[in-house]
Structure formats: C-alpha cells, structure tokens
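Have a look at the structure below, then the notes.
Every number in this text was worked out from the coordinates using simple rules, so none of it is lab data. Just so it is clear, the model here is predicted, and its values are computed rather than measured. Virtual Cβ from ideal backbone geometry, glycine too; neighbours counted across all protein chains shown.
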Amino acid sequence: MKTIGEKLRDLRNAYGLSQREFGEKVGITKGSINSYENNVNSITQGAKWKILQATGIGFEYFDSDMTLSEAFKKYNIDISKKLEFKKIEESICAICDGVKNYIDGKYLETFNIKSLFLNHLFDGMGYFDLCFLKVKHNELEPYAKNGDILVVSSNKNAENGDKIIINYKENILIVQYFHEFDKIILKTMSGEEIKFYNSEFSDCVDILAIIKGKFYFEV
C-alpha cells in the first residue's frame with residue numbers, strides 16, 4: 001500500500017504540475033506539499049479538505065488502499081479530458097483563547113467560512129486555514145498585547161520575512177524568519193538574531209504558527 005505522501009505525488013503528477021503550481025491551485029504552500037509528499041509531516045484534514053474542493057478527490061483516496069485510477073472512477077473524474085481544478089470556496093477556521101490553548105489544540109470553535117468572504121476581510125488570506133487567536137495577558141509581548149487578535153496558520157513551512165510563533169528552549173517567542181544559504185536566522189522583536197544551520201534547525205526550534213495578521217478593536 002502506498003503512503004499518503006506517495007498518493008499525493010501521484011495525484012499532483014496526474015495534473016502535470018510542480019509542487020509550487022499544485023500548491024497554488026489548492027491553497028497549500030509548496031513547503032507543505034513537499035513535506036507531505038516526503039512523509040516529513042502528516043497531511044492535515046484541512047489539506048485533504050482543500051484537495052477535495054479543488055480536485056473532487058475525497059478523503060477515502062488518502063485513508064484507504066484506493067488507487068488513483070479507482071478514485072477517478074469513484075468520483076466521476078474523466079481522465080481522458082484535461083484535468084481541471086475546481087474553485088476553492090471554503091476555508092477551515094478556528095477561534096482560540098490564548099496561545100497555550102492554541103498549542104494544546106483546544107479551540108473554542110471550528111467552522112467553515114467562504115474563502116471569498118475571508119479575502120474581502122483579510123486580503124490574500126482566503127485560501128488558508130486560519131485560527132483567530134486572542135492574546136491573553138502578556139504571553140506574546142512585545143509583539144502583541146492582551147486582547148489583540150492574531151490571525152495565524154498552523155503551517156510549519158515558513159518563508160523569508162514571515163513572522164512566526166516558535167517554541168525555543170521552552171520559551172514561546174515571536175520572531176521573523178530568514179533563510180540564507182545554509183543558515184536560518186530568527187530575528188526577535190528586540191532585534192537580536194538567533195542563527196542555526198539548516199541541519200540543526202528542526203531539532204532546536206518548533207514552529208507553532210505563521211502569523212498572517214494582527215488586529216485590535218477599540219470601542
């Protein structure tokens with residue numbers, strides 16, 4: 001039986017797309033696609049949902065020994081014609097009270113929301129699965145204060161310039177991520193730089209979330 005990563009690669013190859021191109025079509029980053037295909041990270045339910053919306057291929061393809069040809073037949077996909085992606089219409093979102101609850105996966109609520117609606121509210125975010133994280137007390141200072149709302153993605157594949165929430169030496173920090181040749185540089189909000197070689201980064205740092213936006217409300 002093929003791994004889920006191999007099945008994802010087979011599906012992507014059926015469309016004749018690179019990881020980047022496939023990711024752009026389904027709303028998943030290239031880094032995540034790569035990590036799923038190589039079985040570095042387990043594919044999330046949210047990612048499966050996006051693939052279902054975009055391709056019509058259901059969860060059963062990934063969760064059973066179903067082959068790709070069997071999936072095309074079951075989901076009435078005519079492979080004699082050019083495969084076309086469907087428009088992604090919904091994202092999976094969650095609400096979380098405090099960063100500790102976010103880390104523990106304790107959400108107040110999860111819900112599907114129209115991607116078009118998210119794009120109108122938060123430009124360019126409509127194709128991500130997001131968590132609206134309400135900051136408690138001083139847990140994420142100086143970047144965010146009590147009551148601020150962070151819009152975060154649980155994707156662990158950061159790109160240059162991203163602000164990310166990390167666990168480093170049992171401390172929860174917000175840093176800015178930079179990848180330069182064989183090194184990864186994390187810049188703290190106070191301007192300090194923490195440097196790692198690529199080979200050691202994942203053993204030293206756990207990326208908890210990528211910050212997509214910060215908001216506060218004033219009455």
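Once you keep just the Cα pairs under 8 angstrom separated by 6 or more residues, what percentage relative contact order results for region 4-74?
In percent, rounded to a whole number, it is 31.
Compare Gly161, Gly58, Gly27 in a GNM of the chain, Cα atoms joined below 10 Å, and give the one with the largest fluctuation.
Of Gly161, Gly58, Gly27, the most mobile in the Gaussian network model is Gly161.
So how do Asp182, Asp148 line up by other beta-carbon neighbours within 10 Å, fewest first?
Asp182, Asp148
Compute, for the chain, the length of the dipole vector about the Cα centre, with Cβ point charges of +1 (Lys, Arg) and -1 (Asp, Glu) only. Units Debye, rounded to 20.
Magnitude of the dipole: close to 520 debye.
Shape call for region 90-215 from the C-alpha gyration tensor, a ≥ b ≥ c root eigenvalues: rounded (a/c under 1.5), prolate (a/b greater than b/c) or oblate?
Here region 90-215 falls in the prolate category.
Return a whole-number percent for the relative contact order of the chain, with Cα pairs under 8 Å and 6 or more residues apart as the contact set.
14
Anything over 32 Å Cα to Cα? Flag those among Lys73/Lys163; Lys86/Lys136; Lys48/Lys145; Lys48/Lys214; Lys48/Lys106, in the order listed.
Exceeds cut-off: Lys73/Lys163; Lys86/Lys136; Lys48/Lys145.
Where does helix 4-14 land angle-wise versus the long Cα axis of the chain, in degrees 0 to 90, nearest 10?
With rounding to tens, the tilt is 60 degrees.
Which links in Lys30/Lys195; Lys114/Lys183; Lys25/Lys195; Lys2/Lys100 stretch past 31 Å when you go from one Cα to the other?
Lys114/Lys183; Lys25/Lys195; Lys2/Lys100
Show me, bin by bin at 5 Å from 0, the whole-percent P(r) of the chain based on Cα pairs.
Spelled out bin by bin, the chain gives 1, 6, 13, 17, 17, 16, 13, 9, 5, 2, 1, 0 percent.
Shape call for region 149-219 from the C-alpha gyration tensor, a ≥ b ≥ c root eigenvalues: rounded (a/c under 1.5), prolate (a/b greater than b/c) or oblate?
Verdict is prolate for region 149-219.
Would you mind counting up the charge near Lys100? Only other residues with Cβ under 14 Å from its Cβ, with Lys and Arg at +1 and Asp and Glu at -1.
-1
Rounded, prolate or oblate: which fits region 1-90 when a ≥ b ≥ c are the square roots of the eigenvalues of the alpha-carbon gyration tensor, with rounded for a/c under 1.5 and prolate only if a/b beats b/c?
Since a/c stays below 1.5, the shape of region 1-90 is classed as rounded.
Would you mind ranking Ser18, Ser80 so that the residue whose beta carbon has the fewest other beta carbons within 10 Å leads the list?
With the fewest neighbours first, Ser18, Ser80 line up as Ser80, Ser18.
Where does each of Met66, Met1 land when they are ranked from fewest to most other beta-carbon atoms within 10 angstrom?
Met1, Met66
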